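FYI, it's all coordinate maths here, none of it is from the lab. What you are looking at is a predicted structure, and each value in this text was computed from that prediction instead of being measured. Counting neighbours? That spans all protein chains shown, and the Cβs are built from the backbone with ideal geometry, glycine included.
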Amino acid sequence: MISITCQNCGHSDKRSSRFCPSCGNRLVHENEESTDVFEIIESIPHEFDRAQFPQNCGLLVVESGPKAGARYGLEAEVVTIGRHSEADVFLDDITVSRRHARIEQINDHYRVSDAGSLNGTYVNRERIDNLELHDEDEIQIGKFRFVFFHGIGN
């Protein structure tokens with residue numbers, strides 16, 4: 001079995017753990033695929049977010065969680081969200097189900113649906129099964145919090 005040394009505390013782990021049992025730091029394995037790494041940026045006013053997408057295009061902005069600051073345009077008819085590597089919005093965290101939720105565009109409206117996730121999907125802090133989204137709704141998926149925008153002037 002290969003031993004991995006924690007880059008934070010120097011503890012050697014032989015159990016192929018994902019996190020150091022000593023300090024909790026994430027352990028990086030040599031053959032492990034890396035996920036997106038985002039640098040922390042200052043908060044950008046949401047008027048900037050709205051101006052970046054056409055009027056009839058929805059937008060998700062990650063407000064909190066490991067991908068804080070990331071922006072996802074909802075240009076496809078159906079956008080899948082989850083921990084599955086083929087999800088349109090890939091959220092690599094145990095609090096997110098592989099196929100957690102989906103956002104569907106129907107004419108000029110967007111609907112979010114929970115896909116039978118274990119921890120649920122929340123809009124404005126209420127658990128939902130299926131709900132139409134409105135400008136500035138807050139969507140919670142696992143430990144990720146998004147804000148939904150629907151183009152300029154909507």
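Structure notes:
- The calculated pair-distance distribution of the stretch 100-143 uses every alpha carbon pair, bins of 5 angstrom beginning at 0, and gives 6, 24, 36, 22, 9, 3 percent.
- Between amide H atoms placed 1.01 Å from N, distances below 5 Å from residue 11 occur with 6, all of them 5 or more places distant or on a separate chain.
- Positive minus negative residues near residue 80 (Lys, Arg vs Asp, Glu; Cβ under 9 Å): 0
- Förster radius 41 Å - calculated FRET efficiency between residue 78 and residue 25 (Cβ-Cβ, nearest 0.05): 0.65
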